[in-house]
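The values are calculated or read from the model by the stated rules, or taken from the named source; none is laboratory data. Treat the numbers as computed from the prediction; the structure is a model and nothing was measured. With ideal geometry, Cβ positions are generated from the backbone for all residues, glycine too; neighbour counts draw on all protein chains shown.
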Amino acid sequence: MSANTAGTGFLAGRRALVTGGAGGLGAACARALAAQGAYVVVADRDGAGAARVAAEVGGESWEVDLLDTRALESLSLEVDILVNNAGIQTISPIEDFDPAAFRRILAIMLEAPFLLIRAALPHMYAQGFGRIINMSSIHGLRASAYKSAYVAAKHGLEGLSKVTALEGGAHGVTSNCVNPGYVRTPLVEGQIASQAAAHGIPEERVLAQIMLDKNAIKRLIEPEEIAGLVTWLASDQAAMVTGTSHIMDGGWTA
Ligand SMILES: NC(=O)c1ccc[n+]([C@@H]2O[C@H](COP(=O)([O-])OP(=O)(O)OC[C@H]3O[C@@H](n4cnc5c(N)ncnc54)[C@H](O)[C@@H]3O)[C@@H](O)[C@H]2O)c1
């Protein structure tokens, strides 16, 4: 059954693009935007996964590898809401960090968002409305050891988002970052299982003692909770919210 409420909802008539929309947070965002009436383009290198989510939400899929940044240079996007969400992770000490992996992360998580924003702004400026929503992380604001590329890319995304806000303000275009702590996605569930195996402890202890150690609320964030924030940022109500970063981390950074 389609989640698109066709014509109703506070995003009715809006066209959204969600990168990395085949799974995890991106799929949750696609569902939540569609549930408010937006027509959603689900972009992912996983074409089959993107097609599944697109069919579910009554939108369309776009199979694209964001690593191929050259192909994005001549792109023109007619979307009202752009959610830059696709991301990957590599964990390694800097002295061993594979330079190719570092470049890949910067390309997918910083250069591609720049090129997609660049492709979307002319349409947004022409109509006097646009919403750029960048899926950053707590690691856009704080560092963790062994995540040099990820932390650098997310900090870069924060800067890009603020510049977009300054340039877009006169044209009805807002730009914001969303900064989740650990969210229950396949990516994080895999990390829990491997940490439990590595430390020889139950998964509940990995969560409480390692991943959620600094949290005031000792549970993972649900993807739908982040998607709710994204959907609100896309709304007309959020017109004065721009150039800022929206933390949802259960108190991790308090
Ligand atoms: N899960 C978390 O705890 C968490 C916390 C903070 C921030 N984030 C951020 O949220 C975003 C989504 O994370 P997630 O946990 O849902 O990850 P995920 O791995 O579940 O999903 C990421 C999606 O991006 C797609 N993707 C990866 N590389 C791509 C490429 N080159 N071209 C096109 N698509 C590509 C994947 O196919 C996948 O569908 C990322 O930017 C991540 O940094 C996640």
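Given Gly156, Gly169, which one is more than 24 Å from Leu220 (Cα to Cα) and touching a Ser or Thr at 6+ places or on another chain (Cβ under 8 Å)?
Gly169 is the lone residue from the list that is more than 24 Å from Leu220 (Cα to Cα) and touching a Ser or Thr at 6+ places or on another chain (Cβ under 8 Å).
For segment 191-205, does any single residue satisfy the condition of being in a helix (DSSP H, G or I) and under 20 Å from the mean Cα position of the chain (by Cα)?
yes
Return the only residue of Val151, Val83, Val163 being within 16 Å of the ligand (Cβ to nearest atom), out of contact with any Gly (no Cβ under 6 Å at 6 or more places or on another chain), part of a helix (DSSP H, G or I) and in the same structural domain as Arg31 (by the TED database).
Result: Val151 is the single residue among Val151, Val83, Val163 that is within 16 Å of the ligand (Cβ to nearest atom), out of contact with any Gly (no Cβ under 6 Å at 6 or more places or on another chain), part of a helix (DSSP H, G or I) and in the same structural domain as Arg31 (by the TED database).
Of everything in segment 87-115 that's under 13 Å from the mean Cα position of the chain (by Cα) and either among the polar types (S, T, N, Q) or assigned to a helix (DSSP H, G or I) (or both), which residue is nearest to Thr69 (Cα to Cα)?
Ala112
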